[in-house]
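Take a look at the structure set out below.
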Amino acid sequence: MAEREIVIDKMRLSYEGLFNVTELYKLMDGWFRQKGYDKREKKMSESVTKNGKFIEWELEPWKKITDYAKIIIRLRVIMTDIKEVDVELDNTKIKMNQGKADFIFDGILETDYENRWENKPLFFFLRTLFDKYIFKPYTAGYQSNTIDDVNDLHNRIKTFLNLYRYSDVAWTKPSGTWPPEGMA
Amino acid sequence: MSQKVGVRRMVVQKVGIVDLDGLYRTMRRWFYDYRYYFEEPTSRVRPGSAAGVEYEWIWRAWRKINEYTKFNVRVYFYIWDVKDIEVIKDGEKVKLTKCRLMLEIDGDIELDYGNFFSKSKFGKILFSILNTLVFQEEKILANWWDELYYHLYKLQTIAKEYLDMEAKGNAYYDVW
């Protein structure tokens, strides 16, 4: 089995207010395309409840960096109480949505995704040695690529939701805790 | 024996009012447009519960790419609590369906579907050489995988748009 390293673990973003769900989806889909990710929509769910729509998306796009390593962004979006509202903007009525949205981001670095180095014990041994002593700078670079991509997506969504504009608080190192230091 | 390389399954769920007839027709039409041979091996109606009846449809479709490669597509519809209702839309009465729907789209690439290479040991060696050296797994086989994968996303996009889901659109529409 390929080795999966969770570089960013459950980075969260919550929002409540006005936004456009379809535009949000298009923004994320367009971002993945622009950054060279392959599309992966595991689950797209939508149901009508008493208080509005309940929407759940599970996305897991991936990008192959080399024949050996690939980046996977796992994004789970849960939207609750989504209602359609008319908003007047510059004397024109536009349709928007109001409700709550929660985003959970995971950044994963998968190495040896073709399982080429796991067929024989000797290969596995060599791979471990290479990973630890020779490829280390490369692997660190891939990790930082993963962090950069997740941060960029996180910022794009934040900007879209008008929470912050290009916030200077970014995820700079792998961490299992949220919020990161200095942000709490 | 032929070898199958699966693409990843995708799931679409919707609870609410949908135009089931229209969805059926539009998705069915997609197979015709993309030149897939289509069949519906399962079409079941169950009494369900007081909330409504249950439907289950399974579709299978395939398209031969060449004498060696074939695309297989499977679509599963599971629909619960189905109740027909009449809705006034743009001043006209329209028959729609209130239901809980789960749609699964799945597929695979079938290599050597005619079993040319599986008849002898030598044939099996040739099969392995063909895949690793001639088609070069990464280059040609991956292209076929990609083509089928993004075909299925086009079908999923049609379903999402027809179900009037919020996650409309597909930035990858021009891929394959």
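Among A:Leu122, A:Asn97, A:Gly17, which residue has its Cα furthest toward the positive end of the charge dipole of chain A, with +1 on Lys/Arg Cβ and -1 on Asp/Glu Cβ?
It is A:Leu122, whose Cα lies furthest towards the positive end.
Neighbouring Cβ atoms within 10 Å as the yardstick, rank A:Leu59, A:Leu153 fewest first.
A:Leu59, A:Leu153
For the stretch B:94-108, what does the Karplus curve 6.51 cos²θ - 1.76 cosθ + 1.60, with θ = phi - 60°, yield as ³J(HN,Hα) per residue in whole Hz, taken in order and with x for Gly and Pro?
10, 8, 10, 10, 9, 6, 10, 10, 10, 10, 10, 10, 9, x, 7
Please compute the alpha carbon radius of gyration of chain A, then divide it by the globular-protein estimate 2.2 N^0.38 Å. Two decimals is fine.
1.21
Going by a ≥ b ≥ c, the root eigenvalues of the Cα gyration tensor, does the protein assembly as shown fall in the rounded group (a/c under 1.5), the prolate group (a/b larger than b/c) or the oblate group?
Note, shape of the protein assembly as shown comes out oblate.
Please average, across the residues of A:47-57, the number of beta carbons from any other chain that are within 10 Å of each residue's own beta carbon, and give a whole number.
Taking the mean over all residues of the peptide, I get 2.
Report, by chain and number, residues whose modeled amide H sits under 5 Å from the one on A:Asn20, excluding near sequence neighbours (fewer than 5 apart, same chain).
HN-HN under 5 Å from A:Asn20: A:Asn97.
Take every residue in peptide B:11-21, count the Cβ atoms of other chains within 10 Å of its Cβ, and give the average of those counts.
Mean shielding count: 3.
Which lysines have a Cα lying under 18 Å from the Cα of B:Lys4, excluding residues fewer than 8 positions away in the same chain?
B:Lys64, B:Lys70, B:Lys119, B:Lys124, B:Lys139
Before anything else, pin down the relative contact order of chain A: Cα pairs under 8 Å, at least 6 apart, normalised by residue count, whole percent.
Answer for chain A is 27 percent.
Please list, or write none, the lysines whose alpha carbon is within less than 25 Å of the alpha carbon of A:Lys50, excluding same-chain residues fewer than 8 places away.
The qualifying lysines are A:Lys83, A:Lys95, A:Lys100, B:Lys14, B:Lys83, B:Lys89, B:Lys93, B:Lys95, B:Lys98, B:Lys160, B:Lys168.
For a footprinting-style exposure proxy, rank A:Phe125, A:Phe32 by other Cβ within 10 Å, fewest first.
Ordered from fewest to most neighbouring Cβ atoms within 10 Å, A:Phe125, A:Phe32 come out as A:Phe125, A:Phe32.
Would you please give the FRET efficiency between B:Ser118 and B:Glu147, computed as 1/(1 + (r/R0)^6) with r the Cβ-Cβ distance and R0 = 25 Å, to the nearest 0.05?
Efficiency, from the Cβ-Cβ distance: 0.55.
Roughly what percent of Cα-Cα pairs across the stretch B:3-162 reach past 19 Å?
62 percent
Considering only A:Thr49, B:Leu152, A:Val7, whose Cα is most displaced toward the positive end of the charge dipole of the protein assembly as shown, charges sitting on Cβ of Lys, Arg (+1) and Asp, Glu (-1)?
B:Leu152
Quick one, could you list the DSSP H helices from chain B stretching 24 Å or more along their long axis (Cα atoms) with average Kyte-Doolittle hydropathy of -0.5 or above?
B:140-162
Calculate the mean, over all residues of peptide A:32-44, of how many other protein chain Cβ atoms lie within 10 angstrom of the residue's Cβ.
Across the residues of A:32-44, the mean count of other-chain Cβ atoms within 10 Å is 5.
Classify the stretch A:1-86 from the C-alpha gyration tensor, please: rounded if a/c falls under 1.5, else prolate or oblate depending on whether a/b exceeds b/c.
Prolate.
Since every read-out is calculated from the coordinates, none of them should be taken as a lab result. Note that the structure is a prediction, hence the values are computed from the model and not measured. We place every Cβ from the backbone using ideal geometry, glycine too, and count neighbours over all the protein chains shown.
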